[in-house]
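One structure is given here, and the rest of the page talks about it.
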Amino acid sequence: MNDQHNYDTNGIDDDGERDGETETETEKDLYGILDKRNIEKVVLGDHEFDTWYGNAVYFLKNEPQELAFKFMNKDVRSRNNLKKFLEFDSSHKYWLSKLYVCDSCFKYTDDELDCLKHRSMCKYKIKLPGRTVYKDDSKKISIRKVKGKRHKLFCQNLCLFAKMFLNNKSVFFSLDHYDFYMMYGDCNETNKISTNDTQKSNYLIPKGFFSRELLSWDNNNLACILIFPPFQRQKLGQLLISFSYELSRFESLISGPEHPLSEFGEIGYLNYWSKYLAREFLEGSLANSTEQDIKLKENDNINDITQVITLEEISIKTGFRIDDILMALEYMGCLAEKKNRNIYKDYELKNQNDIQNNEKLSSLSSDSYDVVLLKGKIQEWASTRDISRSIIKENLLLY
Ligand SMILES: [Zn+2]
């Protein structure tokens, strides 16, 4: 198993500068971004599954025939041969068919026996990294805070692993500036792909994580989030997102995830924000006694008999950012533009990527149209989903 930070061995400086290459090329190299999947399958402990994205960081630059740490162990100088690389790349669908990863520490190898040997004595199997910050015995789930500074190799290997399932950059560098919140659960699952139960004792395995920048200028409460593929569709992503907001509410921060979100992240967040908002509007702190639609305004500097709520108020009550609230309300289909008392027009938020905050807000406060929150639509949206309770149990928070 590797014991080195393999990207330290491929000549990449921390600041990402490399002579003679464009910034985009350098950035792609730095984060190991590839246009195709280069590793076919991953075996994480007893679970085997397909990768989603390519990850070149496991390899030396232009040396796809072997994992970087193996190459280095042979004491062969990297040739960094582009021609050879292109030939290899075009004749092989994948650079590697299976990567074996320890389900306690994320060290990796292409050798199944090496992995089995390592797993039987991995120190993280006996002593989990970090400290417990959330524990739900009924669900057999706990969250541990692991400092990047203290458990550098663990967090580096975790990031390398996560890169195969995230289409945006994950953190490989400056780990000192991040905390990682690891979700642990029972390893005795029913959906295992291969089993060797006879040899295995019951121990806790990581099922997902999120990273959080210690000093985020934008007050982001989350940088990257991933539930590992075998453990998805168990609402574990919702639990982690919910926990990340509990942390920022505890610090009285209006906060949210770092954008752009990964594909996985976007689905999870829209689901979380929408359910939370629906609950607040229908029965929580934003609920009103009438069935009236609610006029949404940037500020409350208006005289109107219609019930009015400002985006800022929603933001303060939920701890969500205004942009994120708008994205969720649009996703729920409960926004409409109202020109006068009788005419409603579908509210259309322009492309999230090319619209600035102030443009969005000015469209909300324009004189000719009011943006209205259709309460009936919120009820309709909520009727087909379980919004009855928050997924995180506050009494189980341990920070
Ligand atoms: Zn291990």
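The values are calculated or read from the model by the stated rules, or taken from the named source; none is laboratory data. Remember, it's a predicted structure, so these values are computed and weren't measured experimentally. So basically every Cβ, Gly included, is an ideal-geometry build from the backbone, and we count neighbours across all protein chains shown.
Structural remarks
- Of all residues in segment 191-219, those that are at pLDDT below 85 and either within 25 Å of the chain's Cα centre (by Cα) or surrounded by 15 or more Cβ atoms within 10 Å (Cβ to Cβ) (or both) total 4.
- Checking Cys105 against (1) in contact (Cβ under 8 Å) with a residue 60 or more places away in the chain; (2) closer than 22 Å to Phe49 by Cβ; (3) buried (at least 20 other Cβ atoms within 10 Å of the Cβ), the condition it does not meet: (1)
- Filter pass, Leu226 being under 23 Å from Asp176 (Cβ atoms), in contact with a His (Cβ under 9 Å, 6 or more places away or on another chain) and outside any helix (DSSP H, G or I): no
- Beta carbons closer than 8 Å, at least 6 apart along the sequence or on distinct chains, pair a first residue in segment 117-135 that is within 13 Å of Tyr181 (Cβ to Cβ) with a second that is near the ligand (Cβ under 10 Å from one of its atoms) and aromatic (Phe, Trp, Tyr) for Pro129/Phe154.
- Boolean, Val101 is closer than 25 Å to Met183 by Cβ and away from the ligand (no atom under 16 Å from the Cβ): no
- Residue in segment 132-141 that is surrounded by 19 or more Cβ atoms within 10 Å (Cβ to Cβ) and within 16 Å of the ligand (Cβ to nearest atom) present: no
- For Lys149: the one exception among (1) touching a residue at least 40 places away in the same chain (Cβ under 8 Å); (2) over 26 Å from Thr51 (Cα atoms); (3) in contact with a Leu (Cβ under 8 Å, 6 or more places away or on another chain): (1)
- Only one entry in Phe71, Phe85 is surrounded by 15 or more Cβ atoms within 10 Å (Cβ to Cβ), more than 24 Å from Val43 (Cα to Cα) and away from the ligand (no atom under 16 Å from the Cβ), namely Phe85.
- Residues within segment 219-254 that are within 11 Å of Gly268 (Cβ to Cβ), of a type outside the set (A, V, I, L, M, F, W, C) and touching a helix residue (DSSP H, G or I) at 6+ places or on another chain (Cβ under 6 Å), tallied: 2
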